[in-house]
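Working notes for the structure below.
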Amino acid sequence: MSDYVKGEYKRNIYDSGSGYLVGLFKVKETNIDDDDILNKTITFTGYFHELNEIDTYIFHGSFIEHDKYGKQFQVESYERVKPEEKDSIVAFLTSGHFSGIGEKKAEKIVKVLGDKTLDIILNTPDNLLLIPGITKKNIDELHTKLKEYERSYETIIKLGNIGFSTRESMLIYNHYKEKTLEIIGDNIYDIYSKIDGISFKRIDAIALKNNTPKDDLIRIKAAVIFIITELINTLGHSAFYKKELIPYINKVLGIKLEQGKIETALEELLNQKELVLLDDLYYLKDMYEAETNIVKRINILIHKKDNEIKNIDEKIRELEKYFNIDYNTDQELAIKESSEKNFLIITGGPGTGKTTILKGICELYRMVNKIKPFELNDRITLLAPTGRAAKRMSEKTGLKASTIHRFLKWNKDTNKFQINEYNKSKTDFVLIDEASMIDVYLFSSLLKGLRSDTKIVLVGDVDQLPSVGPGTVLEDLIESEKVPVRRLNSLYRQKEGSNITFLAYSIKDGMYEKELFNKDVDLTFIECKSKDVMEELKELSSNYSDYSYKDFQILAPMYKTLNGIDKINDVITEVFNKKSKSKKELKVGDVIYREKDKVIQLTNMPEDNVYNGDVGIIEKINNGSRKEIYIDFDGNLVKYTPSNFLNFKKAYAISIHKSQGSEFDIVIIPLVKDFNKMLYRKLIYTAVTRCKKRLFLIGETEALKFAISNKNSNLRRTTIKKFLIEGINAEI
């Protein structure tokens with residue numbers, strides 16, 4: 001028998017807008033042996049259709065410790081107790097649900113109909129004609145509204161009966177309302193395309209359990225949408241050929257379909273505007289719209305007349321004097337064009353001064369537009385894909401900078417941006433660093449949230465890894481040769497004799513230059529067999545055990561294998577954070593976390609100002625009955641409880657993908673042939689360019705040579721470049 005509390009809903013503390021609530025509840029009855037909750041107000045959380053202060057409710061669930069609200073009752077299911085006592089029924093009828101029914105009319109109704117008033121209104125409403133003063137309009141209002149009120153609960157019960165959880169049932173009902181059962185009956189798979197948080201596989205299992213045929217056309221169409229979505233997220237492509245989809249369709253559906261069935265499904269999806277077909281490629285509507293939106297918006301900016309700036313050369317000289325710097329020709333042109341052009345890309349490799357010119361771009365914009373220094377943050381917006389990159393940007397410019405998600409006011413519960421085409425930002429100029437990391441969907445969303453005349457400058461290294469999400473936005477824009485691009489070619493670090501920088505450029509050019517290694521302290525290759533890498537790694541890391549966690553980093557291509565990230569973190573923990581009686585520990589799954597461990601955030605948690613890729617230190621662990629881990633992210637202390645322990649991992653070693661947007665003084669990269677399926681040129685180039693001062697490669701020379709020679713790293717099929725060059729030839 002599950003735990004329950006029975007009582008009265010008081011009010012909300014938090015409402016996600018999609019059914020998820022945190023609120024207060026007055027307990028009148030419970031089966032929980034706890035005198036502290038009976039007749040007390042508790043905090044509850046869960047998914048609900050509708051709660052009001054008149055009804056009595058029974059919540060089934062259990063108490064948990066929430067990281068923000070403390071002890072609360074997590075509701076797994078609930079039921080409304082229909083009012084039965086006369087006073088309760090009068091209060092319900094006058095609660096505001098039924099217009100035209102005041103207290104006097106309600107008392108008359110209950111006096112005549114008694115405790116069964118609500119059943120009589122539902123089943124034989126004409127009995128209300130016996131009551132003096134009750135009009136036909138009153139009767140229709142009472143019957144209709146009460147029927148709607150009852151139907152919502154019946155719908156949720158029916159959703160539960162066919163297999164959905166209470167949370168899923170609430171998400172479904174809150175989306176479809178009174179049409180829920182009709183839509184579910186017609187096409188249960190509509191849930192997958194309309195509601196975030198319920199997977200295709202979950203819906204498909206429930207559909208099959210409720211006798212949907214395996215070759216049902218509706219099921220096939222839903223599977224196609226699911227497959228293309230998964231392939232977009234896995235491979236990064238924008239669109240797919242039919243022959244690529246067929247094997248996945250048969251695998252997901254668990255049957256071998258006739259070709260005609262697949263053809264019919266694809267044709268119907270095209271007719272229903274869920275897919276777009278162009279040059280034999282099938283696009284999801286959202287992807288096609290995102291790519292075409294990017295092209296249309298950029299075309300508006302690049303065809304807008306350039307800004308004419310008087311005495312711009314003199315202003316550049318003022319900047320050099322102000323910042324005590326001499327810009328090279330490329331940098332000077334980039335800074336000038338950032339004010340002259342309405343859209344500009346600035347690209348260059350390590351050591352070319354991309355970050356250095358950010359200050360110049362912002363200051364020139366302020367000078368040209370006669371903006372007071374304290375007003376600049378209101379006119380120019382500095383953005384980056386990651387929190388670390390945004391922080392570096394802010395440190396370099398002295399201005400505020402944020403992640404793109406935070407700027408667009410991403411709502412975690414609805415997975416929507418609050419800054420969008422209907423609620424645009426008023427900023428005049430957007431400057432984005434680490435632009436190679438921006439995917440198609442995010443860039444399209446950003447453009448929707450900006451006015452069509454907002455100036456945009458993208459800064460990034462096009463030779464780095466592409467975005468984790470789909471597409472190659474920066475590369476496509478540059479290769480189209482349709483947008484203004486300023487390349488930074490001069491090496492600022494060259495005069496310092498940086499072998500790291502030379503290595504990066506030789507990798508980019510596909511060349512292995514052995515003579516770069518071990519000739520100076522900044523670049524070292526420790527050659528050893530795969531089985532010896534871990535011991536070498538331990539010995540080398542021990543030389544830097546006193547370094548700040550921000551300055552030292554191990555980067556590896558893979559999580560698994562003998563020398564993968566997971567194994568490295570197990571071993572290197574004892575180098576940087578030895579076991580001690582003074583440090584509390586807590587085991588989460590197979591991992592033991594210890595106070596002062598270095599960790600990395602794996603998901604966005606905007607409510608706590610923590611984002612994917614942020615690195616912090618475990619400040620405190622509670623390992624008693626209340627399990628808690630407190631992580632310090634550069635002064636932002638965030639509490640984690642078991643519900644979100646999987647949102648972080650140890651970070652003595654991290655993936656090269658996760659390192660994008662960050663820089664470290666000391667970097668160690670293990671390279672072995674076991675990593676070969678993940679070794680390619682852009683990956684190793686990105687890893688090398690994360691290092692500022694001392695870089696160590698440990699492992700097998702052949703692995704490095706393979707990575708440098710392997711240029712074709714699952715090249716992404718995208719069409720922004722094509723659309724910019726040829727124009728957009730299809731419309732939805």
Among 181, 229, 440, the residue whose Cα sits farthest towards the positive end of the charge dipole of the chain, when +1 is placed on the Cβ of each Lys and Arg and -1 on the Cβ of each Asp and Glu, is 440
per DSSP, antiparallel bridges as share of beta bridges in segment 313-470, % nearest 5, sits at 15
Mean 1/r over distinct Cα pairs of segment 279-327, inverted to a Kirkwood Rh in Å, yields 14.8
Rounded to whole angstrom, the alpha-carbon centroid of segment 339-413 lies from that of segment 626-657 at a distance of 28
Computed curve, segment 441-597, Cα-only Debye sum without solvent term, log₁₀ I(q)/I(0) at 0.15 Å⁻¹, is -1.10
Charge dipole of the chain built from unit charges on the beta carbon (Lys, Arg +1; Asp, Glu -1), centred at mean Cα; most positive-end Cα among 129, 272, 471 is 471
Amide H neighbours of residue 430 at under 5 Å, excluding residues fewer than 5 places away on the same chain, with H built from the backbone geometry, are 381, 455, 456, 457
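With a/c under 1.5 counting as rounded, go ahead and sort segment 634-727 into rounded, prolate or oblate using the C-alpha gyration tensor (a ≥ b ≥ c being the square roots of the eigenvalues; past the cut-off, prolate if a/b is larger than b/c, else oblate). Intermediate values should be presented prior to the final figure.
Numbers: a/c = 1.97, a/b = 1.21, b/c = 1.63.
Oblate, because a/c is 1.5 or more while a/b does not exceed b/c.
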Note to self: C-alpha centroids of segment 111-143 and segment 453-483 sit apart, in Å, by 67
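Expressed in nm to one decimal, what extension gain is obtained for the pair residue 162 and residue 509 from 0.36 nm per residue of sequence separation less their Cα-Cα distance?
Values: separation 347, 0.36 × 347 = 124.92 nm, distance 5.89 nm.
Separation in residues times 0.36 nm, less the Cα-Cα distance, equals 119.0 nm.
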Residue 214 and residue 187 label points (each 7 Å along its Cα→Cβ direction) are spaced in nm at 2.4
The chain accessible area per residue, 1.4 Å probe, protein heavy atoms, integer Å², reads 47
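Over the alpha-carbon set of segment 327-379, divide Rg by the Kirkwood Rh and report the Rg/Rh ratio to two decimals. Can you show the working numbers first?
On the way: Rg = 11.7 Å, Rh = 11.8 Å.
When Rh is taken as the Kirkwood radius, the ratio is 0.99.
Dipole of the chain, Cα-centred, from +1 at each Lys and Arg C-beta and -1 at each Asp and Glu C-beta, to the nearest 20 debye? Before the final figure, lay out each step's value.
Working: 113 positive and 111 negative charges, 169 e Å.
About 820 debye.
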Stokes-Einstein D for segment 55-198 (10 °C, 1.306 mPa s, Kirkwood Rh from Cα pairs), in µm²/s, comes to 91
What the 10 Å binned alpha carbon P(r) of segment 206-352 shows, as percent of pairs per bin from 0, is 9, 26, 19, 13, 13, 12, 7, 1
Among the Cα-Cα pairs of segment 390-532, the proportion with separation greater than 22 Å, in percent, is 56
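How large is the dipole of segment 134-176 about the Cα centre if only Lys and Arg carry +1 and Asp and Glu carry -1, each at its Cβ, rounded to the nearest 20 debye? Write down the numbers at each step before the final one.
Working: 7 positive and 6 negative charges, 18 e Å.
Once rounded to the nearest 20, the dipole reads 80 debye.
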For the chain, whose charge dipole is built from +1 on Lys and Arg Cβ atoms and -1 on Asp and Glu Cβ atoms, the candidate among 294, 675, 431 with its Cα farthest towards the positive end is 431
Computed on Cα atoms, Rg of segment 502-594 relative to 2.2 N^0.38 Å comes out at 1.33
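Of all beta bridges DSSP finds with both residues in the chain, what is the antiparallel percent, to the nearest 5? Kindly include the intermediate steps, with their values, before the conclusion.
Values: 65 of 105 bridges.
Counting DSSP beta bridges with both partners in the chain, the antiparallel share is about 60 percent.
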One finds the C-alpha centres of segment 693-718 and segment 247-293 to be spaced, in Å, by 35
In nm, the gap between the two label points placed 7 Å beyond Cα toward Cβ at residue 26 and residue 673 is 7.5
Largest-first ranking of 626, 219, 694, 80 by accessible area, probe 1.4 Å, whole protein assembly kept, is 626, 694, 80, 219
The pairs in 315/370; 145/209; 560/650; 455/508; 560/693; 108/158 lying past 23 Å Cα-Cα in this model are 145/209; 455/508; 560/693; 108/158
With segment 605-651 reduced to its Cα atoms and the Debye formula applied, log10 I(q)/I(0) at q = 0.14 1/Å amounts to -0.31
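So for each of 348-361, 671-684 I average, over its residues, the number of other beta carbons within 10 Å; can you give me the resulting order with the highest mean first?
Ranked by mean Cβ neighbours within 10 Å, highest first: 348-361, 671-684.
The values are calculated or read from the model by the stated rules, or taken from the named source; none is laboratory data. No experiment lies behind these values; they were computed from the predicted model shown. Counting neighbours? That spans all protein chains shown, and the Cβs are built from the backbone with ideal geometry, glycine included. Ligands, DNA and RNA are excluded from the accessible area calculation, which covers all protein heavy atoms including side chains. Shrake-Rupley method; radii C 1.70, N 1.55, O 1.52, S 1.80 Å.
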